[in-house]
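Reviewing the structure listed below.
The values are calculated or read from the model by the stated rules, or taken from the named source; none is laboratory data. On a predicted model such as this, the values are computed, not experimentally measured, just so you know. Counting neighbours? That spans all protein chains shown, and the Cβs are built from the backbone with ideal geometry, glycine included. Just the protein is used for accessible areas: all its heavy atoms, side chains included, with ligands, DNA and RNA removed. Shrake-Rupley method; radii C 1.70, N 1.55, O 1.52, S 1.80 Å.
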Amino acid sequence: MQLTVLAKRAFPNFKTRLAIRRAVYFPMDVLDLLTGKHDPLVPPRGLWFVGGGHFRDNQFLSSFTHLCDLQPHHRVLDVGCGVGKQAVPLTQYLSPKGSYEGFDIVQEGVQWCEQQITSRYPNFKFRHVDVFNKHYNPDGSMLPSEWKFPYSDSEFDFVCLISVFTHMLPDAVQNYVSEISRVLKPGAKSFISSFLLNDESRRLIAQGKSAIPLTHDLDGYTVLDPEFPETTVGLPEHFVRRCFEGSGLGISAVHYGSWCGRNGANFYQDIVLSVRK
Ligand SMILES: C[S@@+](CC[C@H](N)C(=O)[O-])C[C@H]1O[C@@H](n2cnc3c(N)ncnc32)[C@H](O)[C@@H]1O
């Protein structure tokens, strides 16, 4: 059984797991402060509930500019912004004419972003939303399959969503894709990652080559842990394509990732690039 699955069995509540993480990393975080290694735009390790810590040199900014033509004056939405891993590099790219909005369902991450990023870059705004997710926000009061983004139609030039659909179930993904389409300007682009199930990834998973054994089939999609499905989710590629096309997002490219043991991939997760029709 994977460590993440075991941790959830022992501590089902995300806030408890986060409190333990903060306590475990507290000595290292204090040492960073005392030795001057602390970078105000890198969250303390105790808040890295979003995976590894490449906050300054994260690979995605160059992909946003090269693959999606992101410009410094653009208005950007970061869906599931976590603790600022995409926002921090964007502070060095977006000009004062550009702007950034991020939202997430984990309050602690949003609070850190507001304190450390908005205070230095007022054109970067963060919002906590109380949307349910059994892994991250089990007491959330709103359903991800129904909740509407708090932004106007056609407000954004670019939307990114990194490693969020990997924690959402199909009906929620369908709603979010439709909302992303609604808030994008016509012709504007999105960069969205997920674990796509197709013949190749299913074969590699069955052969035991995938880093993530998405072997539990729940009505067409697959999960790591059926008791906590949102821990890690794989979505059928044909379902994702249908959601995009049905919502007015034309898929311009799919970059298949290495997560399932695929060779020669440029990204870890699968990346879907799309253009608002
Ligand atoms: C693996 S982290 C990735 C965070 C961030 N995108 C990054 O690149 O570091 C997954 C994030 O998705 C957020 N999340 C999960 N379900 C969500 C939802 N329905 N709406 C918004 N954020 C959500 C979690 O709170 C968490 O911060």
Checklist entry - Hey, got the dipole for the chain? About the Cα centre, +1 on K and R Cβ, -1 on D and E Cβ, debye to the nearest 20? => result 420
Checklist entry - Around Leu197, which amide H atoms from residues at least 5 apart in sequence, or from another chain, sit under 5 Å from its own amide H, with H modelled in the peptide plane? => result Leu235, Glu237
Next on the checklist: Please list, ordered by chain and number, the residues whose modelled amide H lies under 5 Å from the amide H of His135; skip anything fewer than 5 residues away on the same chain.
Outcome noted: Glu230
Checklist outcome for this item: Within the set Asn133, Asn266, Asn123, GNM on the chain using Cα springs under 10 Å gives the largest fluctuation to Asn266
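Full extension from Asn123 to Thr91: what is 0.36 nm times the residue separation minus their Cα-Cα distance, to one decimal in nm?
Working: separation 32, 0.36 × 32 = 11.52 nm, distance 0.91 nm.
Residue separation times 0.36 nm, minus the Cα-Cα distance, leaves 10.6 nm.
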Next on the checklist: Output wanted: per-residue J couplings in Hz (rounded whole) for the stretch 254-270, from phi through Karplus 6.51 cos²θ - 1.76 cosθ + 1.60, θ = phi - 60°, x for Gly and Pro.
Outcome noted: 10, 9, 6, x, 8, 3, 8, x, 6, 8, x, 8, 8, 10, 7, 8, 6
Checklist entry - Whole-Hz Karplus ³J(HN,Hα) for the stretch 37-44, in order, using 6.51 cos²θ - 1.76 cosθ + 1.60 and θ = phi - 60°, x for Gly and Pro? => result 7, 5, 10, x, 9, 10, x, x
Checklist entry - So which aspartates and glutamates can Lys37 reach, going by Cα to Cα under 14 Å and dropping same-chain residues fewer than 8 places off? => result Asp29
Checklist entry - Got the relative contact order for the chain handy, in percent, Cα pairs under 8 Å and 6 or more residues apart? => result 14
Checklist outcome for this item: To the nearest Å², the heavy-atom accessible area per residue of the stretch 53-276 with 1.4 Å probe amounts to 40
Next on the checklist: Rounded to the nearest 10 Å², what accessible area does Glu230 have for a 1.4 Å probe in the complete protein model?
Outcome noted: 20
Checklist entry - Put +1 on the Cβ of each Lys and Arg and -1 on the Cβ of each Asp and Glu in the chain; which of Gln207, Gln269, Gln115 then has its Cα farthest toward the positive end of the dipole? => result Gln115
Next on the checklist: Output wanted: per-residue J couplings in Hz (rounded whole) for the stretch 244-249, from phi through Karplus 6.51 cos²θ - 1.76 cosθ + 1.60, θ = phi - 60°, x for Gly and Pro.
Outcome noted: 5, 4, x, 9, x, 10
Checklist outcome for this item: If the chain between Gln115 and Arg45 were fully extended at 0.36 nm per residue, the gain over the current Cα-Cα distance would be 23.6 nm
Checklist entry - How much accessible area does Lys15 have with a 1.4 Å probe, in Å² rounded to the nearest 10? => result 110
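Step through the table entries Lys125/Lys209; Lys15/Lys189; Lys15/Lys125; Lys15/Lys277; Lys125/Lys185, compare each Cα-Cα distance with 31 Å, and write down the pairs that go over it.
Values: Lys125/Lys209 40 Å; Lys15/Lys189 34 Å; Lys15/Lys125 24 Å; Lys15/Lys277 40 Å; Lys125/Lys185 19 Å.
Lys125/Lys209; Lys15/Lys189; Lys15/Lys277, as the Cα separations exceed 31 Å there.
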Checklist outcome for this item: Probe 1.4 Å, all chains present, heavy atoms only: His66 accessible area in Å², nearest 10, is 150
Next on the checklist: Please list Asp270, Asp171 from largest to smallest accessible area, probe radius 1.4 Å, with all protein chains kept in place.
Outcome noted: Asp171, Asp270
Checklist outcome for this item: Between Phe103 and residues 5 or more places away or on another chain, the pairs with built amide H atoms under 5 Å apart involve Asp78, Gly80, Cys81, Arg127
Item to check | Spin-label zone in the stretch 251-274 - amide nitrogen under 15 Å from a point set 7 Å from the Cα of Ser62 along the C-beta vector | outcome: 266-268
Item to check | Nitroxide proxy distance, nm - points 7 Å out along Cα→Cβ at Arg241 and Gln107 | outcome: 4.3
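With the full set of protein chains in place, find how many percent of the accessible area of the stretch 13-132 is carbon and sulfur; take the probe as 1.4 Å.
On the stretch 13-132, the fraction of accessible area on carbon and sulfur atoms equals 57 percent.
From largest accessible area down, sort Lys8, Lys185; use a 1.4 Å probe on the protein chains. Kindly include the intermediate steps, with their values, before the conclusion.
Details: Lys8 5, Lys185 75 Å².
Result, largest first: Lys185, Lys8.
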Checklist outcome for this item: What one gets for the chain as the Kirkwood radius, inverse of mean 1/r over different Cα pairs in Å, is 19.3
